[in-house]
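Colleague: The structure that follows is given in the form of structure tokens.
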Amino acid sequence: MVDLICADENGVPFHAVSDCLFDCAWGSGENDFELTLYDGTVLPDRGLVYVDGTEVGGIVDHMKDELSDGVSVVTYSGRSWHGMLAGKVLQPDSGQDYLKVSGPVNQVLSNLLVRIGLSDVFKVRADSTKTIPTFQFDRYCTAYDGIRRMLAANDLKLMFQEVDGTIWMYAQPIVDHNDTVDSDLIDFSITKDYRRTNHMIGLGKGDLKNRLVINYYADASGKVSSACTFKGRDEIAAVYDYSSAEKDELDKQTKKQLQDLQGAGAVDVTVHDGLSLDVGDRVAGCDHVTGLTVTAVVLKKIVKLSGGLLSVSYEVGDAASSKTEYSNYTSSSSSSGSTSGVSLTAGRGLSISGSTINAEVDSDDLNAVKQVAEAANKTASDFAAQIGAANKTAENAKSIASDAKSVADSAKSGMMTDDERSKLASVERGANAYTLPKASTDVLGGVKVDGSTIVSVDGVISAHVGDGASGRVVFPIGYVVMNTTGVDPSVDFGGTWRQLPSLGCFTFERIG
């Protein structure tokens, strides 16, 4: 059972918890953690969390509290130890173009911590006696990237460890796990690149014939220099365009771009027994039958703690920094074959070998596609039903229009002639007028006329029951009304209406 230690900003522990969900990562891409607590523990601002005696831990930057049905779930997040360095920038001294360091590695690390203001958080431990020759940092790089590059250039890796509340920072030699990971312990597949980009042409400032041009070449072992090794069918050239670069910068970046393309191939690994690796370590796949070996670098380490159980996984890649998953259970590494100086990233189900991207599709992927297709089919079916209903509505409208035309034609045929109008003019006004008796308690057989009562010319009396609004057009239940405004007909005609699916005009049916 592994506990997570909670401490204040001074590193003084006040609580140990195992009932939590903790996810911490450091290395390439992310350097942070997320912690979910279920026991009601409250961490202070800038509080520290760590697994005692390990490099797992960080500082609290954010808190999220979720209360549901009386149960509170608090989630904290922040930077891992590595992430605290990633949040700092190494700036050149005033008047200098670059920041340069040299000397014993422990002293160099101590000076850098003072420079970035973290000497009160980390203490440097003298694990290595190595001396750093003059090293020039990239301008305004993060402290994390700069320190890791400096150490890697001297075959060292950056390490942290918590001991009795003190967070130690130190350098250790990079470990090659070539003798640990072989065909007796793992399953793997290897792709070996016999030829890769071996000639990089760098283009800098200037135009046409005046443009700055630099050439770099790689030999069979991947070593980059200004000497041409491959020609003819064996030469594979690429162009690196850096139009704003002066000579020194173009020279540096062109060489780096070619070096990044010198991966030996690809390896997909499944590890049967857990390995203890650190960011910067190298792991190799080797087949004793063919003698093929491909080396990959550990780029990221992910540690998860759940219910007191700790699990560790890794991401590895080759010199081109092409990423893929590597864990205690399954892993893979691959080399980028890009010829444009752009790093490629292999996601789930993908691997990169030279200039080839391979994809594997499993049953889960096919099921996901099937579900999307079924959903699309259902949507199409629903639309087809709506279109059918719209066609029916259109046919009904056509029929109504035809009936209206027939009525109009009948009305036209029934119009009076001049002779008939002359005879009508001779009739005294009001000669055939008749007033219906108004119904009351004293008059029987009368008619009480209101806004919903209609008396036709032939004496037929008809009435419609509305919502009590005088003069309002009333539609019986079952009638369908279409409009272009989308306003519910109940606003104008009363009653209860429901909207029907339609394409074009809004369609409503009276249901009450």
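Read-outs: derived from the displayed coordinates by stated rules, not from any lab. Predicted, not measured: the structure shown is a model, and the values here were computed from it. Virtual Cβ from ideal backbone geometry, glycine too; neighbours counted across all protein chains shown.
Colleague: Can you give me the long-range amide H partners of residue 89? Hydrogens built in the peptide plane at 1.01 Å from N, cutoff under 5 Å, separation of 5 or more residues or another chain.
Modeller: Answer set, sorted by chain and number: 143.
Colleague: When the Karplus curve 6.51 cos²θ - 1.76 cosθ + 1.60 is applied with θ = phi - 60°, which whole-Hz ³J(HN,Hα) does each residue of segment 70-81 get, with x for Gly and Pro?
Modeller: Computed from phi, the couplings for segment 70-81 are x, 9, 9, 10, 10, 10, 10, 9, x, 8, 6, 4 Hz.
Colleague: Once a ≥ b ≥ c are taken as the square roots of the eigenvalues of the Cα gyration tensor of segment 78-171, is the result rounded (a/c under 1.5), prolate (a/b larger than b/c) or oblate (a/b not larger than b/c)?
Modeller: It comes out oblate by the Cα gyration axes.
Colleague: Given H placed 1.01 Å from N in the peptide plane, which residues other than close sequence neighbours of residue 130 have an amide H under 5 Å from its amide H?
Modeller: 105
Colleague: Using θ = phi - 60° and the Karplus curve 6.51 cos²θ - 1.76 cosθ + 1.60, what whole-Hz ³J(HN,Hα) does each residue of segment 484-499 get, with Gly and Pro shown as x?
Modeller: The phi angles translate into 9, 9, x, 6, 4, x, 4, 5, 9, 10, x, x, 10, 10, 10, 7 Hz.
Colleague: Mind listing the long-range amide H neighbours of residue 32? Cut-off is under 5 Å, sequence gap 5 or more, other chains count too, H placed in the peptide plane at 1.01 Å from N.
Modeller: Counting only residues 5 or more places away or on other chains, the set is 25, 80.
Colleague: While we're looking at this one, here's another question. Test of understanding: ordering 224, 2 by Cβ neighbours within 10 Å, fewest first, what list do you get?
Modeller: By the 10 Å Cβ count, ascending, the order reads 2, 224.
Colleague: Of 100/255; 205/256; 123/255, which ones are farther than 26 Å apart at the Cα?
Modeller: Flagged as over cut-off: 123/255.
Colleague: Here is a further query. Could you calculate the contour length gain from residue 69 to residue 395, that is, 0.36 nm times the residue separation minus the distance between their Cα atoms, to one decimal place in nm?
Modeller: Taking 0.36 nm per residue and subtracting the Cα distance, the gain is 111.9 nm.
Colleague: OK, next. Per 0.36 nm of contour for each residue apart, how much would the distance between residue 247 and residue 278 grow if the chain were fully extended, relative to their Cα-Cα spacing?
Modeller: So the extension gain works out to 7.5 nm.
Colleague: Taking θ = phi - 60°, what integer Hz values does the Karplus form 6.51 cos²θ - 1.76 cosθ + 1.60 yield along segment 138-155, in sequence order, with x for Gly and Pro?
Modeller: 5, 5, 6, 8, 5, 4, 5, 5, x, 5, 5, 5, 4, 5, 4, 5, 10, 6
Colleague: Additional query: Among 169, 159, 84, 1, which comes first, then next, by fewest other beta-carbon atoms within 10 Å?
Modeller: The most exposed by this proxy come first: 1, 159, 84, 169.
Colleague: Extending each Cα 7 Å along its Cβ direction at residue 211 and residue 16, get the distance between those two points in nm, one decimal.
Modeller: 6.5 nm
Colleague: Still on this structure: If you stretched the chain out fully between residue 256 and residue 2, how much longer would it get, using 0.36 nm times the residue separation minus the C-alpha to C-alpha distance?
Modeller: Taking residue 256 through residue 2 to full extension adds about 87.2 nm, to one decimal.
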